[in-house]
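Here the structure is laid out as structure tokens; the discussion comes afterwards.
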Amino acid sequence: MLLGAVRAGAQTYTPTTDNLAARQNFQDMKFGLFIHWGIYSELGAGEWVMNEKHIPYDSYKRLADFFNPQAFNAHDWVMFAKKAGMKYITVTSRHHDGFSMFGTKASPYNIVDATPYHKDPLMELAQECVKEGIELHFYYSLLDWGRKDYAYGSPIVDGKPANGDWDSYISFMKAQLTELITKYPGVKGIWFDGHWERDVNWHYDEIYGLIHKLNPAILVGNNHHLEPKEGEDFQMFEKDLPGANTTGFSGKSKIGALPLETCETINNSWGFNITDRSFKSSKRIIHYLVNAAGLNANFLLNIGPMPNGKIQPEFTDTLAVVGAWVQKNGEAIYGTRGSGIPAQPWGVITQKDKNLYVHVMTAPQQPYVFIPQLKGKVTKAALLADGSAVKFKQQTEGVFVYLSGVATDPNDTIIKLTTN
Ligand code: FHN
């Protein structure tokens, strides 16, 4: 069997060499910006507002008539991500409300045709990302609350909504995905969501097959909260680190062999929420990033820009601090892989080539940390911040790294161990 091939039933998906290289690059990037932005942002109550407030679809649609994000500036968004140390952006092209935030010929319900804005912000974003060397992935909702062919709420019979036109809906998605992949420059990934809404035949063989036919290097991921499926290139987790299930999304999930990503919100909301002030601190975000890296996963941090297209100052301030930290300590994050050594009460260990990075995020009770299961002989230990030597002792069970006299960092004290 060829490298990376996955078998399920009669089908075999064999990722191309370019796809495998894209996976490596994806894992190297480690930190991405998730953006939830749509006509729902106008109501300032998150992206589920139509559903949660029981707004009839025809009334909700009127939001498009006055969606006019005059302050949107793709350069500002990309610079925001870059300054934060993020290497890629995953942006909602169409969320569950069914409104397309890009110019599409497959439906008039889109930002170019249905709003006074009449422009395509995702095209501007794609072009800016190419210019600035940031990867772009599109979030794409499988679930649609409004389309008649989707028939939200319909009973499901024989893998289809009884009151809808499933073939029509699948063709619609294929048409839009073709546009997203062929029209927008530099797109590197598709992030599906909404699978969990109904038990139907999603025709993933056709959909994933189409994506990989149009561009074999595109990374396909699906937030179905299950084990990876045939044709997928990365596995994502929602609001939990891989292996954890504190929020209930990952109960049926099992870590597979694909590159991993976990997403979390900067406050408590995905889409813009004017009353949500539960902003995470820069320290908490840094710890999330480091903990994810220790588990071999990327961290995709979400913001919900305001309806005018601007990013609220609380997010900018926090991420400027995160960015300054990542810039200083990026060696221990970017391009690393999980070391396979389990997380410890004080922190995690990342690895790049022969170097191990010991991230001490919680001060241990003793003046040392113990790293179990370390393979290879440690030849040197040094504080990453200034290169000063750190005392250590290696035994068969593991390595003791002594912290007395070491200048600690309030976020994460990183000690670099060189092994032979
Ligand atoms: O329902 C969505 C939600 O609005 C948001 O997009 C998140 C992002 O992971 N995914 C869904 C919930 O699983």
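Filter region 382-399 down to the residues that are free of Cβ contacts under 8 Å to residues at least 40 places away in the same chain and open to solvent by less than 40 Å² (accessible area, probe 1.4 Å) and list them by number.
Scanning region 382-399 gives 382, 383, 390, 398, 399.
Could you check how many residues of region 58-76 are among the charged types (D, E, K, R) and either under 13 Å from residue 98 (Cβ atoms) or within 15 Å of the ligand (Cβ to nearest atom) (or both)?
2
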ask   = Among (1) without any contact (Cβ under 8 Å) to a residue 24 or more places away in the chain; (2) closer than 14 Å to residue 145 by Cα, which single condition is residue 20 missing?
value = (2)
ask   = Of these, 194, 243, which one is within 12 Å of the ligand (Cβ to nearest atom), assigned by the TED database to the domain that holds residue 131 and touching a residue at least 24 places away in the same chain (Cβ under 8 Å)?
value = 194
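When you scan region 294-381 for strands (runs of 3 or more DSSP E) that lie fully inside it, which ones turn up with 3 or more residues that are at pLDDT 95 or above, in contact with a Cys (Cβ under 8 Å, 6 or more places away or on another chain) and open to solvent by less than 70 Å² (accessible area, probe 1.4 Å)?
297-303
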inquiry  = Filter region 259-289 down to the residues that are among the aliphatic types (A, V, I, L, M) and either surrounded by fewer than 21 Cβ atoms within 10 Å (Cβ to Cβ) or touching a Gly at 6+ places or on another chain (Cβ under 8 Å) (or both) and list them by number.
reply    = 274
task = Looking only at region 80-90, decide whether some residue is under 20 Å from residue 238 (Cα atoms), of a type in the set (S, T, N, Q) and either in contact with a Gly (Cβ under 8 Å, 6 or more places away or on another chain) or buried (at least 21 other Cβ atoms within 10 Å of the Cβ) (or both).
result = yes
message = Cβ-Cβ distance below 7 Å, separation of 6 or more or different chains: which pairs start in region 260-279 with a residue that is more than 14 Å from the ligand (Cβ to nearest atom) and end on one that is part of a loop (DSSP other than H, G, I, E, B) and of a type in the set (A, V, I, L, M)?
response = 279/266
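From the list 144, 113, which one is part of a helix (DSSP H, G or I), over 16 Å from the mean Cα position of the chain (by Cα) and assigned by the TED database to the domain that holds residue 323?
Result: 113 is the single residue among 144, 113 that is part of a helix (DSSP H, G or I), over 16 Å from the mean Cα position of the chain (by Cα) and assigned by the TED database to the domain that holds residue 323.
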ask   = Only one residue in 208, 169, 184 is among the aromatic types (Phe, Trp, Tyr), surrounded by 19 or more Cβ atoms within 10 Å (Cβ to Cβ), touching a residue at least 12 places away in the same chain (Cβ under 8 Å) and in contact with a Phe, Trp or Tyr (Cβ under 7 Å, 6 or more places away or on another chain), so which one is that?
value = 169
key: Out of 89, 55, sole residue that is in a loop (DSSP other than H, G, I, E, B) and within 16 Å of the ligand (Cβ to nearest atom)   = 55
Pair list, Cβ < 6 Å and 6+ apart or interchain, from region 142-159 residues that are among the charged types (D, E, K, R) to residues that are assigned to a loop (DSSP other than H, G, I, E, B) and away from the ligand (no atom under 16 Å from the Cβ) = 149/164; 149/165
key: Candidate set: region 26-46, residues that are open to solvent by 10 Å² or more (accessible area, probe 1.4 Å) and of a type in the set (A, V, I, L, M, F, W, C); chosen: the one farthest from the ligand (Cβ to nearest atom)   = 29
request  = Identify, from the list 146, 189, the residue that is open to solvent by less than 40 Å² (accessible area, probe 1.4 Å), more than 25 Å from residue 50 (Cα to Cα) and within 16 Å of the ligand (Cβ to nearest atom).
outcome  = 189
inquiry  = Return the pair list, or none, for Cβ contacts closer than 6 Å from residues in region 358-370 that are within 20 Å of residue 287 (Cβ to Cβ) to residues that are open to solvent by 30 Å² or more (accessible area, probe 1.4 Å) and modelled with pLDDT of 95 or more, at least 6 apart or on different chains.
reply    = 361/287
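The values are calculated or read from the model by the stated rules, or taken from the named source; none is laboratory data. For clarity, every value in this text was computed on a predicted model and none was experimentally measured. FYI the Cβ positions are ideal-geometry reconstructions off the backbone, even for glycines, and counts take in every protein chain you see. Side chains are part of the model used for accessible areas, which takes the heavy atoms of the whole protein and leaves out ligands, DNA and RNA. Shrake-Rupley method; radii C 1.70, N 1.55, O 1.52, S 1.80 Å.
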